[in-house]
Amino acid sequence: MDITTKSTDASPPTPQPTVTEQKRAARGATRPGDRIFLGLSRGSGILLLAIMAAIAVFLTWRAALAISKDEGNFLTTFEWNTNASPPVFGIAVLAFGTVVSSIIAMVIAVPVAVAIALFLTHYSPRRLSGPIAYVIDLLAAVPSIVYGLWGALILVPHMNGLFGWLDEYLGWTGIFSWEGGAPRSMLTVGILLAIMILPIITNVSREVFRQVPQMHEEAALALGATRWEVIRMAVLPFGRSGVISASMLGLGRALGETMAVATVLSPTYVIQLSLLDPGGGTFAQNIASKFGEATEFGRDALIASGLVLFVITLLVNGAARAIIARRKEYSGANA
């Protein structure tokens, strides 16, 4: 009797639906609200792709009109004179200045932003972290032209001491040699861009670090880890992909920044080996300064340079997505 009862009660466990089956069930939802939400989400994604494709087609079309009439090499020419006969324009200096200033900004801003985010989430008292986070949020909302005016009136006049120190101790490298003159150079632009993107990277990194599972930190503390070891073993690995995403957001602003760079930089079409010598240029600064007085052909040439910036931005974001995809085990999705 007992054997019969046990054999009858031992029913096999009910199989759980797989992830694929759950997705199929979600797609086949029959409730009106689900269908409306699915349609709106799908339409938004398609609309975004259509807008990106339209921008790419427009830039390519107008750029082709200008490049077909260019007598030089668009990618390697150091001159920009669309009013000459024949017209000559190139992006060599602009590409160099855009990349160099953005790299300087990222090198300065990312470590400082991550350190601030860690301080606010793991070291600072609550009554102090709140006001600091509020001020950082306000800095992210300051318009670019305000940063540009501050850079031209305050930052540039106070860069002479730093430039002199770099020239004295690191001038032998050639990268930090300085021959005097107004410090309206790539280094000044990079420092200004670092200040501008610092709030963006800090805010996103702070929110990512707040999402670290409490059990991870408690487990590290239970094993005798110090606070820094908890951050190194639990917090930073979990937030790595988030920090990369935050850095890409900041880099996107640095690559496309216009008015602040145009206000601080003294544009020239010569690539300077030293980061302290005045001169250089960026894509956005060149477009902003020349678009108002440009002829129809000149606008096509500026749009051609905008196409290059568009491609660089896509490549940077694609590389970031690839890095995040290879680091899925640190994204927190499996926590």
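The values are calculated or read from the model by the stated rules, or taken from the named source; none is laboratory data. Source: prediction; values computed, not measured. Because the Cβ atoms are built from the backbone with ideal geometry, glycine has one as well, and the counts that use them run over all protein chains shown.
Anything in the stretch 67-91 that is hydrophobic (A, V, I, L, M, F, W, C), closer than 22 Å to Arg184 by Cβ and surrounded by fewer than 18 Cβ atoms within 10 Å (Cβ to Cβ)? List them, or say none. So that I can check it myself, show each step before the final result.
Start the filter on the stretch 67-91 by keeping residues that are hydrophobic (A, V, I, L, M, F, W, C), which leaves 67, 74-75, 78, 80, 84, 88-89, 91.
Now drop any that are not closer than 22 Å to Arg184 by Cβ, which leaves 78, 80, 91.
Residue satisfying the conditions is Phe78 alone.
Considering Arg240, Arg206, Arg232, which residue is in a helix (DSSP H, G or I), of a type in the set (Lys, Arg) and buried (at least 22 other Cβ atoms within 10 Å of the Cβ)? Full working, then the answer.
Details: Arg240 fails: buried (at least 22 other Cβ atoms within 10 Å of the Cβ); Arg232 fails: buried (at least 22 other Cβ atoms within 10 Å of the Cβ).
Unique residue meeting the criteria: Arg206.
Quickly run through the stretch 45-65 and pick out the residues that are surrounded by 14 or more Cβ atoms within 10 Å (Cβ to Cβ) and either under 23 Å from the mean Cα position of the chain (by Cα) or modelled with pLDDT under 85 (or both).
Of everything in the stretch 45-65, those that are surrounded by 14 or more Cβ atoms within 10 Å (Cβ to Cβ) and either under 23 Å from the mean Cα position of the chain (by Cα) or modelled with pLDDT under 85 (or both) turn out to be Ala56, Leu59.
Of all the helices (runs of 4 or more DSSP H) wholly in the stretch 81-179, which have at least 2 residues that are over 19 Å from Val243 (Cα atoms) and β-branched (Val, Ile, Thr)? Even if it seems obvious, please write down each step before you answer.
Working: elements: 92-118, 126-140, 144-150, 160-170.
The helices (runs of 4 or more DSSP H) meeting that bar are 92-118, 126-140, 144-150.
For the subset of the stretch 165-213 comprising residues that are touching a helix residue (DSSP H, G or I) at 6+ places or on another chain (Cβ under 7 Å) and of a type in the set (Ser, Thr, Tyr), which member is farthest from Ala141 (Cα to Cα)?
Within the stretch 165-213, the match that is farthest from Ala141 (Cα to Cα) is Ser177.
Of all residues in the stretch 93-132, count the ones that are farther than 21 Å from Gln272 by Cα and either free of Cβ contacts under 8 Å to residues at least 24 places away in the same chain or surrounded by 18 or more Cβ atoms within 10 Å (Cβ to Cβ) (or both).
Restricting attention to the stretch 93-132, the residues satisfying the condition of being farther than 21 Å from Gln272 by Cα are 109-132.
Cutting the leftovers down to either free of Cβ contacts under 8 Å to residues at least 24 places away in the same chain or surrounded by 18 or more Cβ atoms within 10 Å (Cβ to Cβ) (or both) gives us 109-111, 113-121, 124-132.
Result for the stretch 93-132: 21.
Determine which member of the set Glu257, Glu217 is under 13 Å from the mean Cα position of the chain (by Cα), of a type outside the set (Lys, Arg), over 17 Å from Val112 (Cβ atoms) and surrounded by 19 or more Cβ atoms within 10 Å (Cβ to Cβ).
Glu257
For the stretch 293-318: of the residues being of a type in the set (Val, Ile, Thr) and assigned to a helix (DSSP H, G or I), which is nearest to Ala56 (Cα to Cα)? Walk me through how you get there before you give the answer.
To start, the set of residues in the stretch 293-318 that are of a type in the set (Val, Ile, Thr) comprises 295, 303, 308, 311-313, 316.
Add one more test, that the residue is assigned to a helix (DSSP H, G or I), and what stays is 303, 308, 311-313, 316.
On the way: Ile303: 11, Val308: 11, Val311: 9, Ile312: 13, Thr313: 12, Val316: 16 Å.
My answer is Val311.
When you check Ala246 against the structure, is it surrounded by fewer than 18 Cβ atoms within 10 Å (Cβ to Cβ), within 18 Å of the chain's Cα centre (by Cα), at negative phi and part of a helix (DSSP H, G or I), yes or no? Working first, answer last.
Numbers: surrounded by fewer than 18 Cβ atoms within 10 Å (Cβ to Cβ): no; within 18 Å of the chain's Cα centre (by Cα): yes; at negative phi: yes; part of a helix (DSSP H, G or I): yes.
Judged against the criteria, Ala246 is not a match.
Tally time: how many residues in the stretch 73-115 are in contact with a strand residue (DSSP E or B) (Cβ under 6 Å, 6 or more places away or on another chain) and farther than 22 Å from Ile312 by Cα?
3
Looking at Thr173, is it at pLDDT below 90 and within 28 Å of Gly281 (Cβ to Cβ)? So that I can check it myself, show each step before the final result.
Numbers: at pLDDT below 90: yes; within 28 Å of Gly281 (Cβ to Cβ): yes.
Yes.
Taking the conditions exactly as written (farther than 25 Å from Ser241 by Cα, touching a residue at least 12 places away in the same chain (Cβ under 8 Å), polar (S, T, N, Q) and part of a helix (DSSP H, G or I)), does Thr76 satisfy them or not?
On the way: farther than 25 Å from Ser241 by Cα: yes; touching a residue at least 12 places away in the same chain (Cβ under 8 Å): yes; polar (S, T, N, Q): yes; part of a helix (DSSP H, G or I): no.
Criteria not met by Thr76.
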